[in-house]
Structure formats: structure tokens, C-alpha cells
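The structure under discussion appears below in the form of C-alpha cells.
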Amino acid sequence: MSDKLSEHFSRSEFACHGTNCCGGSAPIDAELIDALELLRALVSVALYINCGFRCLTHNRTLGSQDDSQHPLGLAADVAVPEGFTVEQFAEMAEQVPAFADGGIGRYPTRGFIHVDCRHDGPSRWTA
């Protein structure tokens, strides 16, 4: 099975980073990949995925809620590309329909945004 998910993203970029859990699995939803490709096209630079899929064991280890979009394969934490602020990058994510209808979290002190394709209505936060 190929590691390639799309033109610019591979499954290994989204693998769970936990230890003693799922062994680095990465069941990622195609809608997320399509939305990330749109975001990449908007910003015109490569995107670095800090975190994609997290199994429930790893998710709980991090103190995240069980209803997080990461264990569903619908979320990614994306490093803010050089030349952008967290706010500018989040505004670009708002232009992607799946993220506009889903979740966008801003993490200014950590230099990334969370984007997801949740289907229960838009959610926005700053942490």
C-alpha cells in the first residue's frame, strides 16, 4: 500500500506519535486531505503537519477529550509557515469550506493552528 495520500501529503505525516499504543496508525479521512491541499494552494508553500491522527490511548495521554477530532482522522495541527502569523494562517484556513464549516483553533504561543472537518457545526478557539 502506498504511503502517498495526495500530491503533497503522505500517510506517515499523519501517523499517531504515541508510544505503547496503536503502533503509529494513521486512518485519515480523505476530506481532511482535500481541505489541506486547498489550504496549501492558498498559502503557496509546503505545510508541516505537527499532529494528525491520534489513537484514543495517545489522545488521553495528552489530556485531550475523547470527542476530539484527531481520533476520528478528521483533524490536523499544522505549523504556521514562515512569513505568516497564526492569525493570518487561520484566516487562510477560513477560506477552505471544510474548515470554515468545521474547526479552527489558534495556538499563538506554540506556532500552529488546528484544523478539522467536524460535521457538527463550526468551532473556533484560541489556546
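The values are calculated or read from the model by the stated rules, or taken from the named source; none is laboratory data. Since we're looking at a predicted model, the values are computed, not measured. Neighbour counts are summed over all protein chains in view; Cβ atoms, including those assigned to glycine, are modelled from backbone coordinates with ideal geometry.
Values computed for the structure shown
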read-out: Unmet criterion (only one of (1) touching a Lys or Arg at 6+ places or on another chain (Cβ under 8 Å); (2) not in a helix (DSSP H, G or I)) for Asn20; value: (1)
read-out: From the options Ala46, Ala79, residue that is touching a residue at least 12 places away in the same chain (Cβ under 8 Å) and touching a strand residue (DSSP E or B) at 6+ places or on another chain (Cβ under 7 Å); value: Ala79
read-out: Filter result for Val115 (in a strand (DSSP E or B) and in contact with a Leu (Cβ under 6 Å, 6 or more places away or on another chain)); value: no
read-out: Hits in region 27-49 (condition: under 17 Å from Cys16 (Cβ atoms) and part of a helix (DSSP H, G or I)); value: Leu32, Ile33
read-out: Residue, surrounded by the most Cβ atoms within 10 Å (Cβ to Cβ), within region 1-17, restricted to residues that are assigned to a loop (DSSP other than H, G, I, E, B) and not small (Gly, Ala, Ser); value: Cys16
read-out: Count of region 57-87 residues which are under 28 Å from Leu42 (Cβ atoms) and either surrounded by 14 or more Cβ atoms within 10 Å (Cβ to Cβ) or among the acidic types (Asp, Glu) (or both); value: 19
read-out: Single condition Trp125 does not satisfy, out of (1) without any contact (Cβ under 8 Å) to a residue 60 or more places away in the chain; (2) not in a strand (DSSP E or B); value: (2)
read-out: Some residue of region 26-35 being exposed (fewer than 14 other Cβ atoms within 10 Å of the Cβ) and either acidic (Asp, Glu) or over 20 Å from Arg11 (Cβ atoms) (or both); value: no
read-out: Flag if Pro27 is farther than 18 Å from Phe99 by Cβ and either under 12 Å from the mean Cα position of the chain (by Cα) or at pLDDT 95 or above (or both); value: no
read-out: Residue among Phe84, Phe89 that alone is assigned to a loop (DSSP other than H, G, I, E, B) and either under 18 Å from Ile104 (Cβ atoms) or not acidic (Asp, Glu) (or both); value: Phe84
read-out: Test: residue in region 68-81 that is at pLDDT 95 or above, under 23 Å from Thr126 (Cα atoms) and over 13 Å from the mean Cα position of the chain (by Cα); value: yes
read-out: Selection count where residues are charged (D, E, K, R) and in contact (Cβ under 8 Å) with a residue 12 or more places away in the chain, scope region 82-109; value: 4
